[in-house]
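Reviewing the structure listed below.
The values are calculated or read from the model by the stated rules, or taken from the named source; none is laboratory data. Given the structure is predicted, the values throughout are model-derived calculations rather than measurements. Methodologically, a virtual Cβ is constructed for each residue, glycine included, from the backbone with ideal geometry; neighbour enumeration extends over all protein chains shown. Please note that ligands, DNA and RNA were not included when accessible areas were found on the heavy atoms of the full protein model with its side chains. Shrake-Rupley method; radii C 1.70, N 1.55, O 1.52, S 1.80 Å.
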Amino acid sequence: MPIASLRALLAHSIDYAGMFPPCSLALEPALRNQAEYVRSPEAWVLNTFVLSIGQFDAAGESLSLFERQHPLRISALGSKAATSDHFIAGLKIAADKIRSVCAQHAGLVWVDQLETTLPPDADLGLLGKITSILDGFDLQTFWEAPANLAEETIALLAARNPATVQRQFGVKLRTGGVTADAFPTSRQIARVLVAAAKARLPIKFTAGLHHPIRQFREEVQTEMHGFLNVLGAAVLTAEHGWNEEQTAEMLEDENAASFLFEDESFAWREWKIATDRIKERRKFVTSFGSCSFDEPREDLRALGLL
């Protein structure tokens, strides 16, 4: 069994996005991978399969790979829109598609998440329309914003998220890509983590988090953020009320020895969080999209953590 604090930090943390760069698999082999992963010993790390709304129908041809004991759990990816009107039109189509696939394949397919980008003119009025369209859906929503605008998006979403709302709107932060300029700085990520923690806003991440610990990678000619750095900094920031400087310091740590996992707690240097508190913080620090489920596991094994 993995160390309890590691399991708490990484449980259902990876949204498998095999069709997206740099892996860029076709739909059928990506679904075959997902079917293998949900039956693997490390299935506890796996969360959803990232699938664009436009590919829902095509995915139906591969559903024989799954069964009720091992269903296909989806994070539905919506399309971008330039204006609120186009966004609402697209969201209505997405809602119909989600409703249809869940009804047609009840018990075999679940749509757990919806993630897309808000239009530039988004406001509280738009969020009200979104709430109305998604009324009755039991799914977590994440709205992507670039790092330089994420704090504004968090403030907008937080204004819509009263404590009485069961499903809080969340923010999605892109943490990398296939070129160096796609990677936000540690300071930019830190500002977002601090803002999300203060607002108690759910947050997920996408791209660039293939490896546990921050490191320079030749293929992108820059430092890639580590998923232990990002997830660990997110829960510790929320637990200890860290500021931007402290959070950025952890995000930039490239020494694996700084990260200590024990059954009772996880620690980074002198900062510690109890395992039960990790579970509580993970209600808001949800998951990260990765085109590979193999690389994260291989690296964790190399560190002696799996």
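Some points to look at:
- Here 56, 66, 87 are screened, and the one residue that is under 13 Å from residue 34 (Cβ atoms) and in contact (Cβ under 8 Å) with a residue 24 or more places away in the chain is 66.
- All positions within segment 218-245 that are part of a loop (DSSP other than H, G, I, E, B), open to solvent by 10 Å² or more (accessible area, probe 1.4 Å) and not aromatic (Phe, Trp, Tyr): 218, 219, 220, 221, 241, 243
- Taking each residue of segment 118-137 that is under 24 Å from residue 100 (Cα atoms) and looking for partners that are modelled with pLDDT of 95 or more and in a loop (DSSP other than H, G, I, E, B) with beta-carbon atoms closer than 8 Å, six or more apart or interchain, yields nothing.
Residues checked against (1) of a type in the set (D, E, K, R); (2) open to solvent by 10 Å² or more (accessible area, probe 1.4 Å); (3) farther than 22 Å from residue 140 by Cβ; (4) part of a loop (DSSP other than H, G, I, E, B):
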{"position": "184", "(1), (2), (3), (4)": "no, yes, yes, yes"}
{"position": "201", "(1), (2), (3), (4)": "no, no, no, yes"}
{"position": "213", "(1), (2), (3), (4)": "no, yes, yes, yes"}
{"position": "247", "(1), (2), (3), (4)": "no, no, yes, no"}
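- Search result, residues across segment 93-109 that are touching a strand residue (DSSP E or B) at 6+ places or on another chain (Cβ under 6 Å) and farther than 20 Å from residue 131 by Cα: 101, 109
- Filter pass, residue 252 being over 15 Å from residue 150 (Cβ atoms), open to solvent by 50 Å² or more (accessible area, probe 1.4 Å), in contact with a helix residue (DSSP H, G or I) (Cβ under 6 Å, 6 or more places away or on another chain) and of a type in the set (Asp, Glu): yes
- Matching residues in segment 263-297 - criterion: being acidic (Asp, Glu) and either outside any loop (DSSP other than H, G, I, E, B) or buried (at least 23 other Cβ atoms within 10 Å of the Cβ) (or both): 276, 280, 294, 295
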